[in-house]
Amino acid sequence: MDNPSAQCPILQLAPEVILLFTNELPDHAKVLLSQTCRDLRQILRQQGLPPLSAREHVRLLVHLSRANPHVWACATCKARHRVTRNDLWGDQRLSSCPRLTVPWRPGGFFAVNHVRVQLALKYTRLGMHSARIRSYLKRLLRYEGGVRMVKDGRGLNIFVSSSRPRVVAGRFLVKYTWEYALDSASSAPTPLPMLVLCHHQKLARPAEGVVWGEERKQLVRAVEGALSDDLSGVEYCRSCPFCPTDFAVRIFDEGMVIEAWKDFGPEDGPGNPTWRSHSSTEARRNPSDFGRVRRLYYGVLKGGPLS
Ligand SMILES: [Zn+2]
Ligand SMILES: [Zn+2]
């Protein structure tokens, strides 16, 4: 082929038009695009490639590692590490960075280590023809459950919690379930333990002097509604306005069940906006997206996956 550029539709556009599109890309994607061919590199360099922030550098490392199943990109030291057994089997709430002497613990049952997200999405994409990668993927997407005993003045209470990850449409989703025994005399959970559903929705009283706005009371409102109506098995569905978490509360004669569906985002670095929304309040969800994570988890989402 004498002139490969003649076969590439995007290169038929004027350079200034191409730059209009590429200006919309995050910085790491501009650098990635500049590495795909000489013509695009020359066009992108007309405006100068941006110096990458630490966050964008890690995103670039994730995308440069897409074909290599043996490495993952670490946000702690901005480098790639080789995958170890601990990355596949370890406590997912701990950082996998081998350079940290004191493990960082984000805390909370719902917390997911980003290495798990990176590897599960990569192995799903690569795994079809490799039995070893399929077995790694099985570990990363394993079901986890636990029983917590809480003793108070009225006796022993048992709370069961579980998580079940899935990869759907190139995104890492997790369904969480919490089951509570109810006190049959008072029709109230006894005691109602603090439940952290996401960074923004908690089943707890705010700290002294702190006032929660209505947007942070979505879980509290769903539980209040379910308890006061006392309709066995009826779902009270709500969503967090800040992060992609949908949830449902149901009351039964013998207890209360809370289920939550979370979207931890696509194959990208921890700088991805979906991932970051789980630990910040910068993002705000479009109300028309409420319920989409749950539908995506079960593969019944119409209109394509989330962007
Ligand atoms: Zn590291
Ligand atoms: Zn949230």
> Using a simple spin-label model with points 7 Å from Cα along the Cα→Cβ vector, what separation in nm is obtained for residue 32 and residue 281?
Replying inline: 3.2 nm
> Which order, highest average first, do 196-207, 115-126 follow once you tally other Cβ atoms within 10 Å for each residue and take the mean per peptide?
Replying inline: 115-126, 196-207
> Taking the Cα centre of the stretch 7-47 as the origin, how large is its charge dipole in debye, to the nearest 20, when only Lys and Arg (+1) and Asp and Glu (-1) carry charge on their Cβ atoms?
Replying inline: 180 debye
> At what distance in nm do the modelled label points of residue 12 and residue 164 sit from each other, each positioned 7 Å from its Cα along Cα→Cβ?
Replying inline: 4.8 nm
> Taking a threshold of 30 Å on the Cα-Cα distance, which of the pairs 122/175; 78/217; 78/262; 122/202; 122/262 fall above it?
Replying inline: 78/217; 122/202
> Using a ≥ b ≥ c from the Cα gyration tensor of the stretch 6-72 (square roots of the eigenvalues), is it rounded, prolate or oblate, where a/c under 1.5 gives rounded and otherwise the larger of a/b and b/c decides, a/b for prolate?
Replying inline: oblate
>> With 10 angstrom as the radius, rank 228, 288 by how many other C-beta atoms surround their C-beta, starting from the fewest.
In response: 288, 228
> Residue separation times 0.36 nm, minus the C-alpha to C-alpha distance between residue 139 and residue 177: what's the value?
Replying inline: 11.7 nm
> What is the calculated FRET efficiency for residue 253 to residue 76, with r their C-beta to C-beta distance and R₀ = 45 Å, to the nearest 0.05?
Replying inline: 0.40
> For residue 235 and residue 129, what is the calculated FRET efficiency with R₀ set at 35 Å and r taken between the beta-carbons, to the nearest 0.05?
Replying inline: 0.30
>> Quick check on the exposure proxy: order 65, 53 from fewest to most C-beta atoms within 10 angstrom.
In response: 53, 65
> Put +1 on the Cβ of each Lys and Arg and -1 on the Cβ of each Asp and Glu in the stretch 144-297; which of 146, 272, 167 then has its Cα farthest toward the positive end of the dipole?
Replying inline: 272
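Bear in mind these aren't lab numbers, they're just calculated from the coordinates by the rules spelled out. This one's a predicted model, so the numbers in the text were calculated from it and none came from an experiment. Note that we place each Cβ from the backbone using ideal geometry, even for glycine, and neighbour counts take in every protein chain shown.
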